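What follows is a short report on a single structure.
The values are calculated or read from the model by the stated rules, or taken from the named source; none is laboratory data. A quick note: this is a predicted structure, and the numbers were derived from the prediction, not measured. Here the Cβ positions follow ideal geometry from the backbone for every residue, glycine too, while neighbour counts run over all protein chains shown.
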Amino acid sequence: MTEHLTHHRLSHDSPTNRKGRFRRACAVVAALPKRTRHVMKAAGAFALVGGTLGGLSAVASAQGPDPAVTPFLQSGNNGFPKPNGGAAVFVDEGSHGQGVLLTSISGAPNEAGYGLAGLKAGKGTTVPFSSLSDVQTQYAMTQGTCGGGAPRWIIDLHNPSNPSQTASLLVYFGTQPYGGCSGGAQQEPNIMSDPTTAWWVNNGNTPQTTSSVESTYGSWTVDDIEIVVDAGWDQATQLNPNIQQVLLQKTTVNGFSLLPLPS
């Protein structure tokens, strides 16, 4: 599993404070052992439920233009002691609707668990980054707000000419480029076409435009597309100061519904 490093932002900070906070928080994360950065390779470290990018075309041909493709879920404590923790669970919304609830719980400053939902590339499937045209979701912050670099999209890639060469592309939910949103229901727009989308490449300090990222990585192969919540530590001003929680609904990739709304 590719490392998923966190960029930390607060929506209510001034631009100057956000930049300073970002540098301090990235220094904290960089100093953590690898296990705390979502490298969950150990057996039993995550629960794989299903869901592949390769399955999209197969399901589409069999079931029509808008099939439901089940994402995989992961959660963990990032190696921190209790009460740090995380959860990722499916939510039955009735009438064929399904959501996913992701939770991050913090037990101490700069510590928190995580919840993650994603879609992996199927075995033997080649999906170039340039083929992604529609990546978006509806969501509701059921506890806390966007902040601390979460929720965020992560698209993991590798160079087909040199598979050991990888890249992680991050996009924060909410106001670009740093992310940030209030509580309640939201719409995260299509990050592939929204002109405001800011891409953070390999935990870099400078965001890039979609055209710039596609110029560099357009031919690279998609390994997975994920949404992660891991900033329970950044909810100090909220009603439940140690919890960040988001309900994902109507998540789509290239027009295929991963989490359909109730019919």
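So that you can scan it fast, the table gives a plain yes or no per residue for (1) in contact with a strand residue (DSSP E or B) (Cβ under 6 Å, 6 or more places away or on another chain); (2) hydroxyl-bearing (Ser, Thr, Tyr); (3) closer than 30 Å to Asn242 by Cβ:
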site	(1), (2), (3)
Gln165	yes, no, no
Tyr172	yes, yes, yes
Thr175	no, yes, yes
Val213	yes, no, no
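So which residues in the stretch 81-90 are assigned to a loop (DSSP other than H, G, I, E, B) and either basic (Lys, Arg) or buried (at least 22 other Cβ atoms within 10 Å of the Cβ) (or both), if there are any at all?
Within the stretch 81-90, Lys82, Asn84 meet the criteria.
Quick check: is even one residue across the stretch 87-98 in contact with a Gly (Cβ under 7 Å, 6 or more places away or on another chain) and at pLDDT below 95?
The first filter runs over the stretch 87-98 and keeps only residues in contact with a Gly (Cβ under 7 Å, 6 or more places away or on another chain), leaving 87-88, 91, 93.
Those left that are additionally at pLDDT below 95: 91, 93.
Yes.
What number of residues within the stretch 139-185 satisfy the criterion of being small (Gly, Ala, Ser), in contact (Cβ under 8 Å) with a residue 40 or more places away in the chain, assigned to a strand (DSSP E or B) and surrounded by fewer than 17 Cβ atoms within 10 Å (Cβ to Cβ)? Even if it seems obvious, please write down each step before you answer.
Going through the stretch 139-185, the residues small (Gly, Ala, Ser) turn out to be 140, 144, 147-150, 161, 164, 167-168, 174, 179-180, 182-185.
Now restrict to residues that are in contact (Cβ under 8 Å) with a residue 40 or more places away in the chain: 140, 144, 147-150, 167-168, 174, 179-180, 182-185.
Now drop any that are not assigned to a strand (DSSP E or B), which leaves 140, 147, 150, 167-168, 174, 180, 184-185.
Right, trim to surrounded by fewer than 17 Cβ atoms within 10 Å (Cβ to Cβ) and you get 140, 184-185.
Number satisfying all stated conditions: 3.
Report, by residue number, each residue of the stretch 103-138 that is over 25 Å from Thr210 (Cβ atoms) and crowded, with 22+ Cβ neighbours inside 10 Å.
Matches in the stretch 103-138: Thr103, Ser104, Ile105, Ser106, Ala112, Gly113, Tyr114, Gly115.
Give all pairs with beta carbons closer than 6 Å in which a residue from the stretch 122-138 that is over 18 Å from Ile154 (Cβ atoms) meets a residue that is of a type in the set (A, V, I, L, M) and at pLDDT 95 or above; count only pairs at least 6 apart in sequence or on separate chains.
Ser133/Met192
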